[in-house]
Amino acid sequence: MNVLKSAIVGMVLISASTPVRADVIGDWNNTAVDVMKAVNVSGNPWTRSMALVNVSMSDAVNSVQNRYSRYIPELPTDPNASAEAAAAAAAREILMRQYPGQKERIEAAFAEAMKTIPDNPARAAGVDLGVKVADAVFTERQSDATNTPDTYRPLTTPGVWVPTTPPLFPQYATAKPWGMESASQFRPGPPPALNSALYARDYNETREMGGVKSTKRTDAQSDVVRFWTQANLGPAWFQAAGQASARHNLSLPESARVFALMSMALANCFILDWDAKFQYNFWRPITAIRNGDQDSNDATERDAGWQPLNTTPMHPEYPSQAGINAGAARTVLEAVFGNGTEEFVATDISDARLSRKFTNFAQLAQEHKEVRIWGGIHFRNSLDVGDAMGRKVADHLAANYMRPTR
């Protein structure tokens, strides 16, 4: 039994036939996704916001019920308060501080949440407690260096052209992770040497499968690539967690803990991965394959006009963000719900008519990795290395945070 699984021993699971229900934790995760969709937030800042919301809700719930340790242990407690009200107020406070332009949407969600909680002193105490918890978590993360000015400097020879679109959020490479010593704590070794057999294997796989004119990629695979845009990659894991938590009828503290651990892990992924990416600055397939005659590897044939099916992201290739996210989220969810059958649906957040069905978390993780090859933007080794990093992140957090108090 690994560290994460042993940390969650004792959580009672009900059969998968249990009817799905909603709870305050799942509801506010849905609200957070809707709020950020409305203001076009994705990627690094998206995961940071989700962590702020979920850590605040978990700490708020456990400031009332004391089932799991809190991220900020010095927070006030009130066992007579409503845990549901505390969670709702914490989420509302975090979202209002970050996205005040979405006040109407946030307040509507809060009013809906209050309808299910009796209007009594416990609710009032819960609201007050939730605001205090959110303030403490929000304040603690103001020194995480995610909002420092972008001073990235493209390295080049004077007079030589470089792409003029800056990389996405380079400051996250030196940001402060959640509950970890540094962004380099799990930094992997360097990518494969360009003249290695491993590099040639990955080069040729991506060249053959990921090109816009690929004859080996099936139409079904192309459709899957198009479904997994950046906008769907993160929310899919929260959809999976929400459906599983509801089906297994988790208690409020258990549900809060699942979302808090997963959102912290994913937020860390965008910090630790950026640290490694900008440490190694490894080239993307579009650059590598168009320069295959310059890598000192006889097994990599140059394809001068090669283009990927996906638009190449504006940050270095190694390790893969999809890989580290898949490893982290899958590790958290499998530790709680197991690695057997767990049916859930990932729905496109912009078009509810589009969805992907899965029967376990491993399928979702694997698909998230494969589409980066089929889309022509990653090499397989980068996905494998990222996956291993994500597992380490998840295990570390579960061993040190939101641990059972009894």
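Listed values, structure above:
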{"item": "Among the candidates D150, D78, residue that is open to solvent by 20 Å² or more (accessible area, probe 1.4 Å), charged (D, E, K, R) and at pLDDT 95 or above", "result": "D78"}
{"item": "Search result, residues across region 14-39 that are open to solvent by 30 Å² or more (accessible area, probe 1.4 Å) and either at pLDDT 95 or above or closer than 25 Å to K392 by Cβ (or both)", "result": "D27, N30, D34, K37, A38, V39"}
{"item": "Some residue of region 211-218 being of a type outside the set (S, T, Y), closer than 19 Å to K369 by Cβ and open to solvent by less than 50 Å² (accessible area, probe 1.4 Å)", "result": "yes"}
{"item": "Conditions (1) over 24 Å from the mean Cα position of the chain (by Cα); (2) open to solvent by 60 Å² or more (accessible area, probe 1.4 Å); number of the one not met by N281", "result": "(1)"}
{"item": "Helices (runs of 4 or more DSSP H) completely within region 83-160 that count 1 or more residues being over 26 Å from V33 (Cβ atoms) and touching a strand residue (DSSP E or B) at 6+ places or on another chain (Cβ under 9 Å)", "result": "none"}
{"item": "Residue match in region 197-206 (condition: part of a helix (DSSP H, G or I), among the basic types (K, R) and over 26 Å from L354 (Cβ atoms))", "result": "yes"}
{"item": "Matching option when the condition is hydrophobic (A, V, I, L, M, F, W, C) and open to solvent by 30 Å² or more (accessible area, probe 1.4 Å), among L309, L272, L333, L266", "result": "L309"}
{"item": "The lone exception for V61 - which of (1) assigned to a helix (DSSP H, G or I); (2) under 11 Å from M402 (Cα atoms) it fails", "result": "(2)"}
{"item": "Hey, G179 under 16 Å from the mean Cα position of the chain (by Cα) and assigned to a helix (DSSP H, G or I) or not", "result": "no"}
{"item": "Test for S58: is it crowded, with 20+ Cβ neighbours inside 10 Å and touching a strand residue (DSSP E or B) at 6+ places or on another chain (Cβ under 8 Å)", "result": "yes"}
{"item": "Among the candidates R284, R330, R302, R290, residue that is at pLDDT 95 or above and over 17 Å from D202 (Cα atoms)", "result": "R330"}
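The values are calculated or read from the model by the stated rules, or taken from the named source; none is laboratory data. Note that this is a predicted model, so its numbers are computed, not measured. Here Cβ is always computed from backbone atoms with ideal geometry, including for glycine, and neighbour counts include all displayed protein chains. Calculation scope for accessible area: heavy atoms of the full protein, side chains included, ligands and nucleic acids excluded. Shrake-Rupley method; radii C 1.70, N 1.55, O 1.52, S 1.80 Å.
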